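The values are calculated or read from the model by the stated rules, or taken from the named source; none is laboratory data. These numbers come from a predicted model, not from an experiment. Positions of Cβ are generated from backbone atoms using ideal geometry, with glycine treated the same way; all protein chains shown enter the neighbour counts.
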Amino acid sequence: MELIEKLKEKNVRFIQMWFTDIVGNAKSFSIPVDEFEDAIKNGKGFDGSSIEGFTRIQESDMVAKPDINTLQVFPWKDDNRVAKVFCDIYNPDGTPYEGDPRYILKKNLKIAEDKGFTYYVGPEVEYFYFTSPKRTEVLDKGGYFDLTPPDIGDELRRKTIVALESMGIGVEYSHHEVGPSQHEIDLKYSEALRMADNVITYKYIVKKIAQQAGYFASFMPKPLFGENGSGMHTHQSLFKGDKNVFFSEEPPYYLSPLAKKFIAGLLHYSKEITFITNQWVNSYKRLVPGYEAPVYVSWACRNRSTLLRVPQYKPGKESATRIEYRSPDPAANPYFAFAVMLRAGLAGIENDFELPPPVEENIFEFTEEKLKKRNIELLPGSLIEAIKEAEKSKLIRDTLGEATFFKLLENKEKIWNKYRGLITSYEIENDLPVM
C-alpha cells in the first residue's frame with residue numbers, strides 16, 4: 001500500500017489510533033505501521049467498557065476505524081517516529097457507535113448539510129503554563145499582548161506553533177493573554193469536524209511541548225484566584241458553497257436575516273447549552289461577573305461584556321463575516337460544543353426567532369434593576385444550575401441522542417455530588433476558627 005510505504009520512508013514505526021470519551025478526553029492505542037492497512041480495511045477492536053460514556057462491561061467490544069484524512073506525523077524525529085489518526089467508533093456489527101463524539105458531531109453537521117449549509121468555526125483557545133502539575137506557580141508576570149524577551153512561555157508557544165504547522169494545522173496568530181503565564185493560540189478557521197479534531201491535537205501538542213521543557217500546560221478554565229480564566233471563544237459562520245450566508249450589505253452590522261436568527265437561537269438556548277460548553281465544576285469559577293467572562297445573555301458588536309459579539313465588518317472581507325460566542329471554555333468537549341452551538345443556531349433559523357436589540361454599554365456596570373429592565377438574563381452560576389437547565393433541554397437530547405444525553409447527565413451529577421461534599425481550604429481558613 002502506497003500510504004504505508006510513504007510512512008516507512010519517514011521512519012514511522014507506530015500509529016496511534018485516537019478517539020475521545022464523552023467528556024472530550026483524548027484516548028488512544030498504538031499499532032505497528034505494518035498493521036495500519038488492516039486497520040484501514042477492517043478496523044481494530046478494543047475494550048470500550050473502561051471508556052467514560054461508552055459501553056457496559058457485558059457489551060465491551062468496539063471497533064476503531066481510522067479516518068485516513070486525519071493522519072498526521074508527529075514532528076519529534078527519531079528512529080521510531082509516531083503518527084496519529086482519528087478514528088470513528090463502530091459496534092461489532094459494523095454500525096456506527098451512537099455515543100462516539102465524532103459521530104455525534106458528524107450527524108449534526110449532516111442536518112446542516114441537508115439544508116445546504118457548511119458550518120465553519122474558529123476557536124480562540126487559551127491556557128496557562130505552570131512549573132508543575134502539582135502547584136499553580138506561574139512562569140511569568142506578563143499581561144495582555146506583552147512582549148517580554150525573557151518570557152519562557154513565549155518560546156514554548158513558538159515551538160508549539162511550529163509543531164502544529166508541521167502537522168498541517170494552520171495557526172492564525174498567538175499572543176500572551178491577560179493573566180500571568182496565560183497564552184492564546186488561534187487556529188485557522190475551518191469546517192467544524194476538522195476543527196474539533198484539531199482542537200484535540202492542539203491541546204495535546206501544547207502539553208507535550210511544555211512537558212519536553214520540564215513545565216506543565218493546563219486548559220483548566222480558572223486555575224488562579226483573582227485572575228482571568230481561560231476561554232474558548234468560538235467564531236462561527238454558515239456557508240453555502242463559497243458564499244458566507246451570514247453577510248449582508250445592510251449596515252450597521254452587515255448581518256443577513258439568517259445570521260440574526262442564528263444569533264437569536266444561540267441566545268435563546270444559551271442557558272441550557274452551557275452544560276456542554278462549560279461542563280466542569282471549575283468552569284463556573286470563570287463564569288462570574290468581571291474578569292472579562294461573558295455571563296450576560298445578550299449580544300453586541302464591539303462590547304466584550306456580552307455573551308455574543310459580532311466582529312466589525314471590513315469592506316472586501318465578506319467571507320469573514322462571523323459571530324463570536326464567548327462563554328465556552330477550553331475544557332469542553334469540542335465535538336459536543338460545536339454540535340450544540342450549531343443546533344441552537346439552526347433552531348433560531350427554523351423557528352424564525354427574533355433578535356433582541358444589541359447591548360453596547362458595559363453590562364458589568366449594570367445594577368440588578370437595570371438588568372431586569374433590559375430583560376438580560378445570566379448564564380447558570382454553577383454546574384448544578386447547568387445540570388438543571390440541561391435536564392429539561394430537548395435541544396441537547398436531540399443533539400447528543402438519548403443514551404449519550406443521559407450518560408453525560410449521570411457523569412456530571414456524580415461530579416457535582418462528589419464536589420459538594422468536599423471541605424475546602426476556604427472553609428478551614430475562614431470558618432473553622434470561628435465556629
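What do you reckon, is GLY45 loosely packed, with under 15 Cβ neighbours inside 10 Å, in contact (Cβ under 8 Å) with a residue 12 or more places away in the chain, assigned by TED's automatic domain parsing to the domain that holds LYS203 and more than 23 Å from the chain's Cα centre (by Cα)?
no
So which residues in the range 348-392 are in a helix (DSSP H, G or I) and closer than 26 Å to LEU408 by Cβ, if there are any at all?
Once the filter is applied, which keeps residues that are in a helix (DSSP H, G or I) and closer than 26 Å to LEU408 by Cβ, the range 348-392 yields GLY348, ILE349, GLU350, LEU383, ILE384, GLU385, ALA386, ILE387, LYS388, GLU389, ALA390, GLU391.
How many residues does the range 282-324 hold that are more than 30 Å from LYS418 (Cα to Cα) and of a type in the set (Phe, Trp, Tyr)?
Matching residues across the range 282-324 total 2.
Could you count how many residues in the range 150-170 are touching a residue at least 60 places away in the same chain (Cβ under 8 Å), crowded, with 19+ Cβ neighbours inside 10 Å and among the hydroxyl-bearing types (Ser, Thr, Tyr)?
Number satisfying all stated conditions: 0.
Just for strands (runs of 3 or more DSSP E) wholly inside the range 278-334: which have at least 1 residues that are out of contact with any His (no Cβ under 9 Å at 6 or more places or on another chain)?
296-300, 306-309
If you take the residues in the range 335-371 that are of a type in the set (S, T, N, Q) and either more than 22 Å from SER256 (Cα to Cα) or surrounded by 14 or more Cβ atoms within 10 Å (Cβ to Cβ) (or both), which one is nearest to the chain's Cα centre (by Cα)?
Here the residue is ASN362.
Given the criterion under 23 Å from the mean Cα position of the chain (by Cα) and of a type outside the set (A, V, I, L, M), identify the matching residue among ASP242, ASP186, ASP151. Walk me through how you get there before you give the answer.
Numbers: ASP242 fails: under 23 Å from the mean Cα position of the chain (by Cα); ASP151 fails: under 23 Å from the mean Cα position of the chain (by Cα).
When all the criteria are applied, what remains is ASP186.
Out of curiosity, is PRO221 assigned to a loop (DSSP other than H, G, I, E, B) and either closer than 30 Å to VAL138 by Cα or at pLDDT 95 or above (or both)?
Answer is yes for this residue.
May I ask you to say which residue of TYR173, TYR189, TYR129, TYR202 is among the aromatic types (Phe, Trp, Tyr), surrounded by 23 or more Cβ atoms within 10 Å (Cβ to Cβ) and within 21 Å of GLU324 (Cβ to Cβ)?
On inspection, the qualifying residue turns out to be TYR202.
Starting from the range 7-21, keep only residues that are within 15 Å of LYS65 (Cβ to Cβ), then list their pairs with residues that are crowded, with 17+ Cβ neighbours inside 10 Å and of a type in the set (Lys, Arg) whose Cβ atoms are within a distance under 6 Å, requiring at least 6 positions of separation or different chains.
GLN16/LYS84; TRP18/LYS84; PHE19/LYS27
Do we have LYS106 as among the charged types (D, E, K, R), under 19 Å from PHE14 (Cα atoms), touching an Asp or Glu at 6+ places or on another chain (Cβ under 9 Å) and at pLDDT 95 or above here?
Taking the combined requirement at face value, the residue does not satisfy it.
Filtering the range 190-212 down to residues that are small (Gly, Ala, Ser) and assigned to a helix (DSSP H, G or I), which residue is nearest to LEU139 (Cα to Cα)?
Of everything passing the filter in the range 190-212, ALA210 is nearest to LEU139 (Cα to Cα).
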